[in-house]
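Okay, so here's the structure we're looking at.
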Amino acid sequence: MTDSRAIDPAHFRQVLAHLPTGVAVIAAHGPDGPIGMAANSVTSVSLDPPLVLFCPARTSTTWPELRAVGRFCINVMAGHHEEVTRRFAAKDTDRFAGVAYADRATGPALADALAWIECEIEDEHEAGDHTIVVARVVAMEAASQGHEPLVFFRGAYGSFRPPDADRA
Ligand SMILES: Cc1cc2nc3c(=O)[nH]c(=O)nc-3n(C[C@H](O)[C@H](O)[C@H](O)COP(=O)(O)O)c2cc1C
């Protein structure tokens, strides 16, 4: 085993990249238009009250904007959303250009997402170079059927075919 005090950041990234995750776009109505960022750190936390979390980097410039709004819509991305997702991680670009969405109370709901989780920020915990943001779910909806999820694994995008996909 490696000495935990000497974990190299690149090694940390490389090993954690073996944990497959879903991918979301956290989106809100900013004062000058829609704002959003890609995140694969979304996790379910609590049923009662209904809480989820995500972890923005302390270097994120979008997180302070989301924080100022106080509420956001978590869009769970589908397998065909790779290019859209890349856009939401890119700098110096209009992330919403050409992206279809509907306005919901908490933020933009991207077209063809797998689920929309509407949240209000409840709490924040500093955690190293990231912040753990705990958010209360105020509304939520899952697409009834259709697309496969976008999966992030070892730094690359893929998808997952549910066992019952043929019956959907
Ligand atoms: C698949 C994927 C997952 C990401 N997950 C996170 C995350 O959980 N937290 C985070 O701060 N950034 C995450 N990022 C990076 C941000 O999307 C991006 O670096 C950030 O939005 C940079 O712009 P900003 O300064 O506008 O925040 C992820 C990027 C990708 C492509």
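The values are calculated or read from the model by the stated rules, or taken from the named source; none is laboratory data. The structure presented is a predicted model; accordingly, all values stated were derived computationally and were not measured. Methodologically, a virtual Cβ is constructed for each residue, glycine included, from the backbone with ideal geometry; neighbour enumeration extends over all protein chains shown.
For the range 48-89, the tally of residues that are near the ligand (Cβ under 8 Å from one of its atoms), among the hydrophobic types (A, V, I, L, M, F, W, C) and more than 14 Å from His29 (Cα to Cα) stands at 5. If you filter the range 108-131 down to residues that are within 15 Å of the ligand (Cβ to nearest atom) and of a type in the set (Gly, Ala, Ser), you find that the one that is surrounded by the most Cβ atoms within 10 Å (Cβ to Cβ) is Ala113. Of the residues making up the range 61-85, just one is surrounded by fewer than 17 Cβ atoms within 10 Å (Cβ to Cβ) and hydroxyl-bearing (Ser, Thr, Tyr), namely Thr61. Do we find that Leu53 is farther than 20 Å from Ala156 by Cα and in contact (Cβ under 8 Å) with a residue 60 or more places away in the chain in this structure? For Leu53, the condition - farther than 20 Å from Ala156 by Cα and in contact (Cβ under 8 Å) with a residue 60 or more places away in the chain - is met. When you scan the range 39-47, do you find a residue that is among the hydroxyl-bearing types (Ser, Thr, Tyr), in a strand (DSSP E or B), within 11 Å of the ligand (Cβ to nearest atom) and at pLDDT 95 or above, even just one? Checking the range 39-47: at least one residue is among the hydroxyl-bearing types (Ser, Thr, Tyr), in a strand (DSSP E or B), within 11 Å of the ligand (Cβ to nearest atom) and at pLDDT 95 or above. All told, Val99 falls short of being under 29 Å from Arg161 (Cα atoms) and within 9 Å of the ligand (Cβ to nearest atom). Within the range 96-119, being part of a strand (DSSP E or B) and of a type in the set (Ser, Thr, Tyr) holds for one residue alone: Tyr101. When we screen Ser46, Ser41 for residues that are within 25 Å of Ala115 (Cα to Cα), surrounded by 15 or more Cβ atoms within 10 Å (Cβ to Cβ) and polar (S, T, N, Q), the only hit is Ser41.
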